[in-house]
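Written out below as structure tokens is the structure these notes cover.
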Amino acid sequence: MFTLPKLSFDYKALEPYIDARTMEIHHTKHHQGYTNKLNNALEAGNLEGKSIEEILRNVSSHNDAIRNNGGGYYNHTLFWEILTPDGNDIPSGAFKQLFDETFDNLENFKKHFSKAAATRFGSGWAWLSVDANGELFVSSTANQDNPLMDVVEENGTPILGIDVWEHAYYLNYQNRRPDYINAFFEIINWEKVAQNYERSKP
Ligand SMILES: [Fe+2]
């Protein structure tokens, strides 16, 4: 049985980048909804007790309810964790070294990541992930899919993600997804992303 994770900050803490009303609806309605529906689908399929990562890595053997709601549960859990009202820099260490080797600098990374997020048609996510060789890559996935899933083209462990469903930004930004993406860069918890990288190592 999965439960809705608590946020480490208030709904209004990310203003002006993400407004309180959007945060509250996103967490208490959307994420709660994915959580409830995932639990129902797992119960119906006698799949309780598995970790969410295990379920998603083998998602091709499950039904669409598990794919959509399992993805929704996992993706939003990661999303809240990599956001912070106190945007910080990439801490020095192994992650920063690999990040600089891969993208040269933050501005260049932003260009790649923004493109992936802005060009995702319809609803979905853009990701920074670690592949099986330990390399970083940027990708995007549709709906509530993510790079863990064995049904997407580019597999890896996501360590940073942006939700580009309209429910993530429409109240404040309407159709201006690029403005929302730019705002997102101001509230990334890079310390957490670096921790996610360390944890992704086999
Ligand atoms: Fe969302």
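The values are calculated or read from the model by the stated rules, or taken from the named source; none is laboratory data. Keep in mind that this is a model prediction, so the values were computed, not measured. Note that each Cβ is placed from the backbone with ideal geometry, even for glycine, and that neighbours are counted across all protein chains shown. Heavy atoms of the whole protein, side chains included, go into the accessibility calculation; ligands, DNA and RNA do not. Shrake-Rupley method; radii C 1.70, N 1.55, O 1.52, S 1.80 Å.
Here Asn146 meets each of (1) in a loop (DSSP other than H, G, I, E, B); (2) within 16 Å of the ligand (Cβ to nearest atom); (3) over 22 Å from Asn189 (Cβ atoms); (4) touching a residue at least 24 places away in the same chain (Cβ under 8 Å) with one exception, condition (3).
Sub-6 Å Cβ pairs linking a first residue in region 70-88 that is over 14 Å from Pro147 (Cα atoms) and more than 10 Å from the ligand (Cβ to nearest atom) to a second residue that is open to solvent by 10 Å² or more (accessible area, probe 1.4 Å) and basic (Lys, Arg), at least 6 apart or interchain, are Glu81/Lys192; Ile82/Lys192, ordered by first then second residue.
Among the residues of this structure, Thr22 does not count as one that is touching a residue at least 24 places away in the same chain (Cβ under 8 Å), open to solvent by 80 Å² or more (accessible area, probe 1.4 Å) and of a type in the set (Ser, Thr, Tyr).
Can you name the residue in region 1-53 that is part of a loop (DSSP other than H, G, I, E, B) and under 19 Å from Ile181 (Cα atoms) and, of all such residues, is nearest to the ligand (Cβ to nearest atom)? It comes out as Ile18. Tell me, which residue of region 113-134 that is in contact with a Ser or Thr (Cβ under 7 Å, 6 or more places away or on another chain) and closer than 25 Å to Leu98 by Cβ is surrounded by the fewest Cβ atoms within 10 Å (Cβ to Cβ)? Once the filter is applied, the top-ranked residue is Arg120. Scanning region 1-9 for any residue that is closer than 24 Å to Val152 by Cβ and surrounded by fewer than 16 Cβ atoms within 10 Å (Cβ to Cβ) turns up at least one such residue.
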